[in-house]
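One structure below.
The values are calculated or read from the model by the stated rules, or taken from the named source; none is laboratory data. In this text, all values refer to a predicted model and were calculated from it rather than measured experimentally. Here Cβ is always computed from backbone atoms with ideal geometry, including for glycine, and neighbour counts include all displayed protein chains.
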Amino acid sequence: MNKYIWRLTFILIISILCIPIGLGNPYFHSKNTNALDGAWLEIRDGVRIMYLNGSYYDMGYQLGYFLKDDYLKSRRAWLYFIDKKLGITYDDLLHIWKELKDFIPEEYKEEMRGRADAVGLSFEEVAIMDVLDPAIRCVGMACWGPATSDGKLYHARSADFPLNVRDPVTADYASNDQLLIVRTPEKGFASVVIGLSIEVGAEGGLNENGICIGYTSVDTKNITIYGIPLGIRQRMVLDRANNIKDALNIISNNRTSGATNIISDGKERIAYVVEQTANYSYEGTWNGSIENNYPSWVIDHVVRRDNIFLDPVSAGLSDDVYEKSNFFRWVLSFFGLEKNYTYFWVIKHFKIFSDAIEKNYGRLNLNNTMNMLRAVYQGKTNLFYRFVQILGGPYSNVWYQWVICPETGNALVSFARNSISAYYNPVHYFNLYDLINGLPTIKSFHLQWKSPV
């Protein structure tokens with residue numbers, strides 16, 4: 001068992017299910033049921049938008065039906081990457097799956113069952129794609145009140161992970177599988193998720209009640225496979241949370257791995273950060289008890305996180321873990337001469353991001369927040385960051401970046417395409433509430449993204 005626990009330090013457990021293989025599904029095969037009712041796929045401004053509707057089984061079937069080829073390519077790409085790069089085999093995934101099966105709410109098992117029927121794979125073969133998600137380097141923030149130009153809350157996230165995840169058959173990039181998924185479940189709240197076709201769990205998004213969520217992973221050995229994986233809990237937040245109190249309760253229970261969540265509520269104009277491992281949990285807002293801990297400092301009405309805990313000791317890390325993470329050890333790690341994980345560049349990245357927030361303080365809004373995010377990642381705010389980007393170092397590969405106003409539903413998003421990171425690609429505007437209501441997004445002049453150049 002230690003073998004699998006050790007390997008899980010490289011990943012965030014996302015979801016799992018166990019359904020008997022080979023059994024027919026009477027729900028799908030009923031003559032009175034059309035599993036595709038209320039579902040469609042469209043391409044808007046070059047971005048795929050998948051609309052799902054109905055029971056959880058139906059939503060799983062709908063996505064698999066419309067995106068079968070993309071799903072199968074992406075599945076091959078991730079299985080190949082996980083095996084070759086992380087050393088996690090198919091058998092390892094099956095083992096984790098079997099251990100996690102009883103913790104997953106039944107509706108998500110139904111959704112997986114529908115997807116398996118649609119793509120022509122066994123339940124097992126589909127299930128393992130929701131067992132794990134790579135431990136990606138990310139940054140997230142939420143700002144409101146005096147930090148923004150209009151007092152409204154803005155929530156941002158950058159998903160940073162190597163772009164060399166490719167289908168071994170077609171050589172297509174898995175990053176091209178990204179899309180918006182609009183879900184209107186029969187039982188639960190409607191939401192929009194920015195993610196991949198292979199996921200039942202959610203990386204981040206917004207629900208109809210103005211609850212927005214995203215996460216960053218944090219390296220820790222304080223993990224377990226006996227709980228509800230983070231991605232499924234994030235999905236539960238979007239499906240079930242009516243307010244921020246509901247969201248905090250869902251995300252903080254049955255924890256499994258190391259992560260920080262930023263959760264915002266557009267109605268209340270408030271955001272919280274949640275730090276968590278299997279045995280540790282902290283939640284607080286911009287002036288919480290740990291926000292002044294190194295390497296952080298309080299920024300009025302701003303919560304932000306990188307791949308770090310601000311209370312590392314409670315999270316199971318040593319009290320000098322950040323002090324030991326100096327530049328010299330970081331360089332040695334590139335040559336395999338430093339065996340311990342070093343936080344030097346994570347800390348540096350966090351400080352660069354925080355400095356950019358302070359520089360734009362009071363002027364942050366939908367456009368300015370996206371422009372700030374792109375400027376940071378393009379190395380325009382820090383020469384050392386630019387140098388690391390040129391070398392292809394950490395935080396140089398970005399799958400997507402988004403900024404959402406949970407109050408209005410206005411959102412900006414950019415995606416990686418092939419080997420080109422999101423921060424160099426076009427930015428797209430959507431109103432997520434219009435998507436939930438099935439309405440066309442009308443771009444007024446002042447809501448379209450405007451580059452500062």
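Please go through the stretch 138-152 and pick out each residue that is over 15 Å from G204 (Cβ atoms), buried (at least 19 other Cβ atoms within 10 Å of the Cβ) and of a type outside the set (F, W, Y).
Once the filter is applied, which keeps residues that are over 15 Å from G204 (Cβ atoms), buried (at least 19 other Cβ atoms within 10 Å of the Cβ) and of a type outside the set (F, W, Y), the stretch 138-152 yields C143, A147, T148, K152.
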Of all residues in the stretch 114-127, which are crowded, with 24+ Cβ neighbours inside 10 Å and modelled with pLDDT under 95? V126, A127
Return the pairs, sorted by first residue and then second, in which the second residue is part of a loop (DSSP other than H, G, I, E, B) and among the aromatic types (F, W, Y), the first residue lies in the stretch 310-328 and is within 14 Å of S281 (Cβ to Cβ) and in contact (Cβ under 8 Å) with a residue 40 or more places away in the chain, the beta carbons are less than 7 Å apart, and the residues are 6+ apart or on different chains. A315/Y280; A315/F309; G316/Y280
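Looking at this structure, is R269 within 20 Å of I436 (Cβ to Cβ) and of a type in the set (K, R)?
Details: within 20 Å of I436 (Cβ to Cβ): no; of a type in the set (K, R): yes.
Against the criterion (within 20 Å of I436 (Cβ to Cβ) and of a type in the set (K, R)), R269 does not qualify.
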Would you please name the residue that is nearest to the chain's Cα centre (by Cα), looking only at residues in the stretch 201-220 that are of a type outside the set (G, A, S) and under 15 Å from A142 (Cβ atoms)? Y215
Scan the stretch 221-261 for residues that are on the phi > 0 side of the Ramachandran plot and within 17 Å of the chain's Cα centre (by Cα) and jot them down. none
Taking the stretch 214-264 on its own, how many of its residues are under 19 Å from R305 (Cα atoms) and of a type in the set (D, E)? 1
Complete set of residues in the stretch 299-318 that are buried (at least 18 other Cβ atoms within 10 Å of the Cβ), of a type in the set (A, V, I, L, M, F, W, C) and assigned to a loop (DSSP other than H, G, I, E, B): I308, F309, L310, A315, L317
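Are there helices (runs of 4 or more DSSP H) fully within the stretch 1-96 with at least 1 residues that are surrounded by 14 or more Cβ atoms within 10 Å (Cβ to Cβ), touching a helix residue (DSSP H, G or I) at 6+ places or on another chain (Cβ under 7 Å) and modelled with pLDDT of 85 or more? List them.
Values: elements: 2-7, 26-29, 56-66, 68-86.
The qualifying helices (runs of 4 or more DSSP H) are 56-66, 68-86.
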Output for the stretch 184-198, where each listed residue is within 21 Å of I404 (Cα to Cα) and modelled with pLDDT of 95 or more: T184, F189, A190, S191, V192, V193, I194
The condition from (1) closer than 23 Å to G204 by Cα; (2) touching a His at 6+ places or on another chain (Cβ under 7 Å) that D130 misses is numbered (2)
From the list I263, I213, I232, I223, which residue is surrounded by 24 or more Cβ atoms within 10 Å (Cβ to Cβ), touching a residue at least 24 places away in the same chain (Cβ under 8 Å) and under 21 Å from S314 (Cβ atoms)? I263
Considering only the stretch 278-285, I want to know if a residue exists there that is touching a helix residue (DSSP H, G or I) at 6+ places or on another chain (Cβ under 9 Å), part of a loop (DSSP other than H, G, I, E, B) and free of Cβ contacts under 8 Å to residues at least 60 places away in the same chain. no
